[in-house]
1. Name the residue that is farthest from residue 66 (Cα to Cα), counting only residues in the stretch 88-104 that are surrounded by fewer than 20 Cβ atoms within 10 Å (Cβ to Cβ) and more than 6 Å from the ligand (Cβ to nearest atom).
2. When the stretch 37-48 is examined, which residues are found to be modelled with pLDDT of 95 or more and in a loop (DSSP other than H, G, I, E, B)?
3. I'd like to verify a number: residues in the stretch 31-58 that are buried (at least 20 other Cβ atoms within 10 Å of the Cβ) and within 18 Å of residue 95 (Cα to Cα), how many?
4. When residue 119 is evaluated against the numbered criteria (1) closer than 24 Å to residue 137 by Cα; (2) out of contact with any helix residue (DSSP H, G or I) (no Cβ under 6 Å at 6 or more places or on another chain); (3) not in a strand (DSSP E or B), which criterion, by number, is the only one it fails?
5. Kindly indicate the residue of the stretch 62-99 that is out of contact with any helix residue (DSSP H, G or I) (no Cβ under 8 Å at 6 or more places or on another chain) and in a helix (DSSP H, G or I) and also nearest to residue 142 (Cα to Cα) among those meeting that condition.
Ligand SMILES: CC(C)(COP(=O)(O)OP(=O)(O)OC[C@H]1O[C@@H](n2cnc3c(N)ncnc32)[C@H](O)[C@@H]1OP(=O)(O)O)[C@@H](O)C(=O)NCCC(=O)NCCS
């Protein structure tokens, strides 16, 4: 199991793959970070996917303070291996301490090790552009996005990736709910 630890002015952050025993802590994190949305069905569904998901937790002083999930997926008709980044959450009182960025970067390392060429995300470009994400026009989301969200659909090509096939992103069941893409 891969582990990373970074030390800064806020103390040591350990990042590791999540375990079954982390489930309650991860769920609480999403309740705290998304007070107006119920992401628990999605989070539980992703945690149950096993090898189809990279699920990382950030831990500080034995408490889960961040979580990120990458779901393996592919473009219909294409061969290139991709991953969908989401959800990502950090304990609200600990924002702006680099925890979110550390989780994203740790995830990229796992994905490169597993020969994943592309990462897709539906999120705020003002945040995700710092990692190199750019607007994705060739690969469509599993469900059509509201017009005002179009710029939020982004991707990044990891080193060694082949050129992406055009088409629609095929995702496993927890992501096949239109509300996740339209509201
Ligand atoms: C988004 C989130 C994960 C970032 O975590 P974090 O640990 O605070 O992130 P980092 O410390 O690595 O980066 C913080 C920087 O990102 C910026 N940032 C955070 N969210 C942002 C957003 N939506 N748009 C633009 N910038 C954003 C902060 O202002 C800060 O900027 P600075 O570096 O100039 O100070 C965290 O704010 C969070 O959990 N938010 C609620 C859940 C959420 O929105 N998740 C993302 C779903 S796509």
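The values are calculated or read from the model by the stated rules, or taken from the named source; none is laboratory data. Because the structure is predicted, anything quoted here is derived from the model rather than measured. Cβ atoms come from the backbone with ideal geometry, glycine included; neighbour counts cover every protein chain shown.
1. Restricting to residues being surrounded by fewer than 20 Cβ atoms within 10 Å (Cβ to Cβ) and more than 6 Å from the ligand (Cβ to nearest atom), the top hit is 93.
2. 39, 48
3. Summing the residues that are buried (at least 20 other Cβ atoms within 10 Å of the Cβ) and within 18 Å of residue 95 (Cα to Cα) in the stretch 31-58 gives 3.
4. (3)
5. Among them, the one singled out is 99.
Table: residues versus (1) buried (at least 18 other Cβ atoms within 10 Å of the Cβ); (2) within 14 Å of the ligand (Cβ to nearest atom); (3) over 25 Å from residue 41 (Cβ atoms); (4) free of Cβ contacts under 8 Å to residues at least 40 places away in the same chain.
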| position | (1), (2), (3), (4) |
| --- | --- |
| 115 | no, no, yes, no |
| 129 | no, yes, yes, yes |
| 134 | no, no, yes, yes |
| 137 | no, no, yes, yes |
| 150 | no, no, yes, yes |
| 153 | yes, yes, no, yes |
| 172 | no, no, no, no |
| 176 | no, no, no, yes |
| 179 | no, no, no, yes |
